[in-house]
1. So, in segment 26-49, how many residues would count as being within 18 Å of residue 4 (Cβ to Cβ), surrounded by 15 or more Cβ atoms within 10 Å (Cβ to Cβ) and acidic (Asp, Glu)?
2. Might you check whether a residue that is within 28 Å of residue 1 (Cβ to Cβ), of a type outside the set (A, V, I, L, M, F, W, C), at pLDDT below 95 and assigned to a loop (DSSP other than H, G, I, E, B) occurs anywhere in segment 54-62?
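The values are calculated or read from the model by the stated rules, or taken from the named source; none is laboratory data. As the structure is a computational prediction, the values presented were derived from the model and not from experiment. Cβ placement follows ideal geometry from the backbone for every residue including glycine, while neighbour counts extend to all protein chains displayed.
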Amino acid sequence: MMPEKLMDEAIGWTIRLQHGSGRDWRDFVDWLQADPARGPAYESVASLDRRVASLLQESCPLWPAAPDP
């Protein structure tokens, strides 16, 4: 199990990058490179986000599609 702080950070990045600027993406890359545990944490959160968005879209056709990572 990953530390809660790390998962909270990954959730924050998942939300921030949905409409991120070039600066956000550069900051994200810096964040990822600072700790090898961050990549798997982010991928775990982003994957869950995509699955939830897909389920919502199936149940509510007007729900916007999940953004591509």
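1. Total meeting the criteria: 1.
2. No, there is no match, as no residue in segment 54-62 is within 28 Å of residue 1 (Cβ to Cβ), of a type outside the set (A, V, I, L, M, F, W, C), at pLDDT below 95 and assigned to a loop (DSSP other than H, G, I, E, B).
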